[in-house]
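The block underneath contains the structure these notes are about, expressed in structure tokens.
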Amino acid sequence: MNKDKKNDFIIVGFLFLLVIIIRLPSFFYSVFDWDESTFILMGQSILDGNIPYVEAWDNKPPFAYSIYSMFIYFFGKTIFAVRLGGMLFIFLASVLLYMAGEALYNKTAGVIAAIFLIVFVSARKWGLSIMIEHLMLVPTSLILLVVLTRKLDNKMAFVTGLILGAGILMRQNMAFDSLAVLAVFLTGITMPDTDISERFKRCFFLISGIFVPVFAVIVYYVLNGELRLFINTNISVAIAHVSESTSIYRKFELLFTNIKREFADGNILLWICFPHGILSIFFFQKNKDIKRAVAAMLIIFLAQVFSIFYTGTIFGYHYLGLITPIMALVCGVAISFWFSSGVGRVMAVRFIAVFVIAAGLIFSLHKHVSPLYREIASKVMLRQPLEDDTCYKIAEYLNKEYVKGKYIYMLNNCHIVYFLTDSRMPTKYVHPTNIIKYDYMLKVIDGPEATDEKELQKILLKKPEFIVYKDGSWPTPDDDFRKMLFIELEKQYRLVKVISDDHSIYKRKRS
């Protein structure tokens, strides 16, 4: 093994150790974000032999759920397994970003970019869950590696299209990235010597590559007689969801609100470094190839930001994970470039810069990662079980009641309990908000007559053995829904357990 390969091996080992250290606390908690619980349940439904959207429904593309099913299949039917699989995805993305940074500038740029990616996607409020945005880090980082550092002949353009097509089937926002990459190809930013006919040819191969995985999935749904359901879920519902907040002013407000949350979460270093990095490279970097690469990244970045702006909601702060790879890569190249400049070579200045960067990275972890380590240490000292939060406690109680294979209804943010107890969902709408808050989704999928109250009627007709309800949880059901639920609870159920003071478990009375 030569010295360069040995250094690569050491760096990759360091990144693997870093991602384990940062994400280890996540393995012992049931729910950080209830969207993750939905994706896990959708993945399990696939393993149970179901076509996505038929027996279990949510509004994301089907390939994303297949990845969760892969985690469960290979690592086991536990939350630990899903978090482990997600951690490996983040690690893989960091290695790809390291390779891109090294190819663009040097190893230091790659290492810094990879560290920034691992830290800043984990430091957010939702960061220790495994969201689709975490999975998207891999295709996004791979696109950056290919488009920015590889010779884009027709074959590579087709491969790039395949990656983008797979990404679209994980999250619809990747369509905006595809348009941005198409613009990079057409303008020839990264390969200015190619003539216009070659650029159009590569665009053709790019579009062909995108078409292949998308067409394959469409054929799958046609063969199973569920094409309309696929189209309604991925197009009609997506349009309705985006239209929920129609005001341009409101969309800008949501975008800046979610960016402000980044500062509240401690990700200050990333957001300060990125714009300074763009400016320093454009104004002070003499290497035109690096400038072209950063210009291409900026085109993709702006497309990503527009997609976040266009699809944003008040709880869409996790969407910002989509732009982290580009921000991290720009920061890595810019910081490495600064270190190699005249001022950056001064040892005292370099020491101060390293200290500031390290402090910024550690500060970003202080709000959501460090407290979990303290909590785990406290549990270990007191010899308490690590998996004992509210959702685990509900699952423990229901498992003692032998609910495996029986209908229960989780009307709270602990619907992961279906997964933990092997119980049955009385509705195909996995995420509670798909019924309570977003009943326009019901109308798109089940017809204009569908309502949240009618869906509750269907649920109650299945006579769930247990109903677990948290009063005052978000989103609060409307008055008609609550009235129907409480009448049923009073007539047919009795309160048997209260978990964590506000999660009430009701058991069906024997007739």
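For Ala109, the requirement of being modelled with pLDDT of 90 or more, open to solvent by less than 30 Å² (accessible area, probe 1.4 Å) and farther than 15 Å from Ile20 by Cα is met.
Take the range 389-405 and flag every residue that is among the charged types (D, E, K, R) and within 25 Å of the chain's Cα centre (by Cα). Can you show your working first?
So in the range 389-405, the residues among the charged types (D, E, K, R) come out as 389, 393, 396, 400-401, 404.
If the condition is that a residue be among the charged types (D, E, K, R) and within 25 Å of the chain's Cα centre (by Cα), then Asp389 is the only one that fits.
Considering the conditions (1) without any contact (Cβ under 8 Å) to a residue 24 or more places away in the chain; (2) under 19 Å from Lys509 (Cα atoms); (3) touching a strand residue (DSSP E or B) at 6+ places or on another chain (Cβ under 7 Å), Lys404 is excluded by exactly one of them, (3). Residues in the range 324-365 that are open to solvent by 70 Å² or more (accessible area, probe 1.4 Å) and either within 28 Å of Val138 (Cβ to Cβ) or among the hydroxyl-bearing types (Ser, Thr, Tyr) (or both): Ile362, Phe363. Checking each residue in the range 1-30 for being open to solvent by less than 40 Å² (accessible area, probe 1.4 Å) and not in a helix (DSSP H, G or I) picks out Tyr29, Ser30. For the range 204-212, the count of residues that are out of contact with any Phe, Trp or Tyr (no Cβ under 7 Å at 6 or more places or on another chain), surrounded by 12 or more Cβ atoms within 10 Å (Cβ to Cβ) and in contact (Cβ under 8 Å) with a residue 60 or more places away in the chain is zero. Taking Asp153, is it closer than 30 Å to Ile218 by Cβ, of a type in the set (D, E, K, R) and surrounded by fewer than 24 Cβ atoms within 10 Å (Cβ to Cβ)? So Asp153 passes the test.
Do you know which of the residues in the range 105-141 that are more than 10 Å from the chain's Cα centre (by Cα) and among the charged types (D, E, K, R) is farthest from Phe14 (Cα to Cα)?
Lys125
Residues in the range 44-85 that are in a helix (DSSP H, G or I) and touching a Lys or Arg at 6+ places or on another chain (Cβ under 8 Å) were compared, and the one that is most open to solvent (accessible area, probe 1.4 Å) is Gln44.
The values are calculated or read from the model by the stated rules, or taken from the named source; none is laboratory data. Given the structure is predicted, the values throughout are model-derived calculations rather than measurements. Note that each Cβ is placed from the backbone with ideal geometry, even for glycine, and that neighbours are counted across all protein chains shown. In case anyone asks, the SASA skips ligands and DNA or RNA and just uses the protein heavy atoms, side chains included. Shrake-Rupley method; radii C 1.70, N 1.55, O 1.52, S 1.80 Å.
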